[in-house]
1. Specify the residue that is modelled with the lowest pLDDT; the eligible residues are those in the range 65-85 that are touching a strand residue (DSSP E or B) at 6+ places or on another chain (Cβ under 8 Å) and surrounded by 19 or more Cβ atoms within 10 Å (Cβ to Cβ).
2. Could you check how many residues of the range 282-296 are in a loop (DSSP other than H, G, I, E, B) and within 11 Å of residue 252 (Cβ to Cβ)?
3. Inside the range 75-94, can you point out the residues that are hydrophobic (A, V, I, L, M, F, W, C) and over 30 Å from residue 24 (Cα atoms)?
4. Picking from 238, 263, which residue would you name as being farther than 13 Å from residue 293 by Cβ, aliphatic (A, V, I, L, M) and in contact with a Lys or Arg (Cβ under 7 Å, 6 or more places away or on another chain)?
5. When residues of the range 171-194 are filtered for being under 17 Å from residue 234 (Cα atoms) and modelled with pLDDT of 75 or more, how many remain?
6. Report the residue count in the range 359-382 for those that are touching an Asp or Glu at 6+ places or on another chain (Cβ under 9 Å) and within 14 Å of residue 18 (Cα to Cα).
7. Tally up the residues in the range 290-316 that are touching a residue at least 12 places away in the same chain (Cβ under 8 Å) and small (Gly, Ala, Ser), please.
8. Among the listed residues 162, 152, identify the single one that is touching a Phe, Trp or Tyr at 6+ places or on another chain (Cβ under 9 Å), under 30 Å from residue 207 (Cβ atoms) and among the hydrophobic types (A, V, I, L, M, F, W, C).
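The values are calculated or read from the model by the stated rules, or taken from the named source; none is laboratory data. Please read all numbers here as calculations on a predicted model, not as lab measurements. As a convention, Cβ positions derive from the backbone with ideal geometry for all residues, glycine included, and neighbour counts pool all protein chains shown.
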Amino acid sequence: MFLDEAAVEFTSGRGGSGAVSFHREKHVPRGGPDGADGGKGGSIVLIADRGRRTLYDFKFHPRFQADDGVHGVQNKRGRDAKDIEVKVPVGTVVTDTETGDLLVDMAVHGMKFVLCKGGKGGKGNMHYTSSVRQAPNFAQKGAPGERILAKLELKLLADVGLVGLPNAGKSTLISRISAARPKIADYPFTTIVPNLGVVKYRDETFVVADMPGLIQGASEGIGLGHQFLRHVERCRALVHVVDTFPIDESDPLENYHLIEAELKAYREDIWARPRLIALNKADILPRESFGPLRQKFEALGVPLVIVSAVTGEGMERLLDALCELLASAAPEEDTLLIPVLKVTDEAFWDIEVNEEGYRLIGKRLLRMVAMTDLENEEAVRYLQRRLERIGVLDRLRNLGIEEGDEVEVGEFSFNFTDES
């Protein structure tokens, strides 16, 4: 089964917590703190693999969860968790379903991308000694991992895309010019998934994709229009295959304009790509109709080749025209999707005032609270001093906070106590 879209949940591991311990050894009365750090949580790493053809595996495995880092112990750092490597087909586009942001375009074989970074390990109590705190009785919890609900879309990477109505002869054509062997029959919609074929002609090698037949309304999602049109986005050039002798006796020129209109309605930049017209089934077209039909298509001003995919007529002319078309087409790299890079300031924080009270926002503050053992009074006092140092408490005072007012940070809430 060919599956070109999947919804997957990825979660990296939390970091291991630091240890609270004190050196105990005979004849060493003041050993001091020796709690070690926790290990790093496992990350989720995507790898583009040309050996993967579809996203079918994700239908049965829609969730990936990395392990947490191991907690630190006395004088021994916790072990880091292993990263999870997830192989996806080349051409997979990853989007955050909650924000709609494009995260990465896995367009090159072997490309790696850290989708969810594992949380760092917490510090042990050995890090918190000072001249006034010689026996700290607290340690840092591990940082939480990341969770992303992702939409995976496979957009095939091909040099040339064959487009046209169902039963125009696209499958027969790709089987004629390459080693691809798609399903071929004398009825429409025999191709329901894209087929790829490698064409080797003289000194040139390129990839051709046989797109399933489009119908009127495909740009609006009628039938499987959006699924089919998605794969055209990657093609550098297009070959519009036109049936010169349709079984429904429709007009070939009107059929041509119908598909062109669907391409333009879907995305105008795709419609504007270099193309040529392949008038197919020339072997069965009555000779008296051949001349007038050819003149109608020549008047369009688009390069035209007369072929018969069944008999092989015109194949050399078609391949010569394709080589010329690709030479004038934009490089493949121009078709890749580039995510918008957002500048994220890890040190940024702010305070929102609402009816319930005050809410602290910013990754830095969320991480500080999440890595604090809130059941340890000494750890909470240390957190309060850190918030004082970076100016959070002064900002709250300026906003008019009073003793006992509620302060929210992520999933946690506190009652404000001013110890100044």
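1. In this case the residue turns out to be 72.
2. The initial filter retains those residues of the range 282-296 that are in a loop (DSSP other than H, G, I, E, B), namely 282-286.
Subset that is within 11 Å of residue 252 (Cβ to Cβ): 285.
The total comes to 1.
3. First pass over the range 75-94, keeping only residues hydrophobic (A, V, I, L, M, F, W, C): 81, 84, 86, 88, 90, 93-94.
Hits for the range 75-94 are 84, 86, 88, 90, 93, 94.
4. On the way: 263 fails: in contact with a Lys or Arg (Cβ under 7 Å, 6 or more places away or on another chain).
After applying the criteria, what remains is 238.
5. Keep residues of the range 171-194 that are under 17 Å from residue 234 (Cα atoms), which gives 193-194.
Next, only the ones that are modelled with pLDDT of 75 or more stay: none.
Going through the range 171-194 one residue at a time, the tally reaches 0.
6. Residues flagged as touching an Asp or Glu at 6+ places or on another chain (Cβ under 9 Å) and within 14 Å of residue 18 (Cα to Cα) within the range 359-382 amount to 2.
7. 4
8. Numbers: 162 fails: touching a Phe, Trp or Tyr at 6+ places or on another chain (Cβ under 9 Å).
Every option except 152 fails the conditions.
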